[in-house]
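Engineer: I'd like to ask some things about the structure below.
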Amino acid sequence: MQLNGDGYLDPGIHAATVADIKTHFVDAFPTSATRETIFEGYKRHTTDLQQCNVAFDQYADGSFVSSKVDPGDIDFVCIADADTIDALPPEKQRIIATLFRGKATKATHQCDAYFIASVPDTDPRHQSYWANRKFWLGCFGFDRADKPKGFLKLQITPSASPSVATAVAGAAGGNSGTGAAP
């Protein structure tokens, strides 16, 4: 995973694992005062998600996925099936809600984390899901000056260990969900 001359991944979605994030965005910046702390918070977030027993597609971006030596956090949006989330016990639903509080998640996990619930294309909420998904992928695909850039995609699978997050090629499957944009 190489950063280009602009300090970003080349435009597109780049499959990654938690180990890839450590190698390319923590270990590759030995002088960073923030990256290790952010990564530890990210791993706690991932572990907390995995313990909810739900599979998530995660798209990660922001200054953490760039050449900035000392980013402030890691930004990501996770997508999971709405019916699966709705079927969880209330306690697990509360845990998920606390893990996706946008910038407020930084206080507990060093993450700027958002959630989109996916639904099938036959669901009346599908148009809202699709608009939110496109919003996030569009935001992550460009910097603040509208320069195209790449971002990461991970699949977070139910488990007690963040090391089982596995790489997935391509964009998230395209016929599910609703979601909340900021």
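Engineer: For segment 1-102, state the average projected area of the convex hull of the C-alpha atoms over all orientations, rounded to one decimal in nm². Please report the intermediate quantities before stating the final value.
Structural biologist: Details: hull surface 27.3 nm².
Average projection, Cα convex hull of segment 1-102: 6.8 nm².
Engineer: Calculate how large, on average over all directions, the projected area of the Cα convex hull of the chain is; give the answer in nm² to one decimal. Please list the in-between numbers first.
Structural biologist: Details: hull surface 38.8 nm².
Hull-based average projected area comes out at 9.7 nm².
Engineer: Here is a follow-up. Against the 2.2 N^0.38 Å scaling, with N counting residues, where does segment 60-137 land? I'd like the Cα-based Rg ratio to two decimal places.
Structural biologist: 1.24
Engineer: In deg cm²/dmol and to the nearest 500, what is the mean residue ellipticity at 222 nm of the chain if only DSSP H runs of at least 4 residues count, each as -39500 (n - 2.57), divided by the residue total? It would help to have the intermediate numbers written out before the result.
Structural biologist: On the way: 6 runs with 55 residues, N = 182.
Result for the chain: -8500 deg cm²/dmol, rounded to the nearest 500.
Engineer: Report the extension gain between Asp20 and Gln2 in nm, rounded to one decimal, defined as 0.36 nm multiplied by the number of residues separating them, less their alpha carbon distance. Present the calculation step by step, with values, prior to reporting the outcome.
Structural biologist: On the way: separation 18, 0.36 × 18 = 6.48 nm, distance 1.14 nm.
So the chain would gain 5.3 nm between Asp20 and Gln2.
Engineer: Taking the Cα centre of the chain as the origin, how large is its charge dipole in debye, to the nearest 20, when only Lys and Arg (+1) and Asp and Glu (-1) carry charge on their Cβ atoms? Spell out each step's value before the answer.
Structural biologist: Details: 17 positive and 21 negative charges, 49 e Å.
Dipole about the Cα centre, nearest 20: 240 debye.
Engineer: Quick check: the angle from helix 90-99's long axis to the longest principal axis of the chain, C-alpha only, nearest 10 degrees?
Structural biologist: 30
Engineer: Still on this structure: Taking every DSSP beta bridge with both residues inside the chain, roughly what % is antiparallel (nearest 5)?
Structural biologist: Working: 18 of 30 bridges.
Bridges in the chain are about 60 percent antiparallel.
Engineer: Spin-label point model (7 Å from Cα, Cβ direction): what's the Phe135 to Glu40 distance in nm?
Structural biologist: Distance between the two pseudo-spin positions: 3.4 nm.
Engineer: Using Cβ counts within 10 Å as a stand-in for footprinting exposure, how do Phe29, Phe142 rank, fewest first? All intermediate terms of the calculation are to be shown ahead of the outcome.
Structural biologist: Values: Phe29 18, Phe142 14.
In increasing order of surrounding Cβ atoms, one gets Phe142, Phe29.
Engineer: Oh, and also: How much net charge surrounds Asn4 when only other residues with a Cβ under 9 Å from its Cβ are counted (Lys, Arg +1; Asp, Glu -1)? Please report the intermediate quantities before stating the final value.
Structural biologist: Details: positive: Lys149; negative: Asp6, Asp10.
That works out to -1.
FYI, it's all coordinate maths here, none of it is from the lab. As the structure is a prediction and not an experimental result, all values here were calculated from the model. No Cβ is skipped: glycine too gets one built from the backbone with ideal geometry, and neighbour counts run over all protein chains shown.
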